[in-house]
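The block underneath contains the structure these notes are about, expressed in structure tokens.
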Amino acid sequence: MGSEIEGFDVGEVVCVRDKDVRRHMRTPRYSRNCIGIIEEYVGAFLNPEKLAEGQCDGPVINLYRVRLSMEEIWGADVEQSGDVVLLEVYEHWLSRPGAPASRKEDQ
């Protein structure tokens, strides 16, 4: 694929952001600060964090399927090298490695 997808390209390397969120979140804690690869653009949807609070309006946010290696998540504790996890992660939880934090984090 490799086609342009608003914020990220399929095949692009991304980092799952580590945000201090004290409410419902859809992004697993174990994936924070992990580096992965965009596998697929899933679509654009309302923010699930706001939906959980009853806010049923607002802008839609791009959702991506991100591939993370088990070594990236668990380090040396991985039993089977080469295994991966596929996660669906909203754009406001992703950044380019080394990029400053986005101001869109509270969409």
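The values are calculated or read from the model by the stated rules, or taken from the named source; none is laboratory data. Everything quoted here is computed from the prediction, not taken from an experiment. Counting neighbours? That spans all protein chains shown, and the Cβs are built from the backbone with ideal geometry, glycine included.
Quick rundown of the values:
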{"quantity": "Selected residue [out of contact with any Asp or Glu (no Cβ under 7 Å at 6 or more places or on another chain), of a type outside the set (A, V, I, L, M), touching a residue at least 12 places away in the same chain (Cβ under 8 Å) and not in a strand (DSSP E or B)] from Glu79, Glu72, Glu40", "calculated": "Glu72"}
{"quantity": "Within region 1-55, considering residues that are among the basic types (Lys, Arg) and modelled with pLDDT under 90, the one nearest to Arg65 (Cα to Cα)", "calculated": "Arg26"}
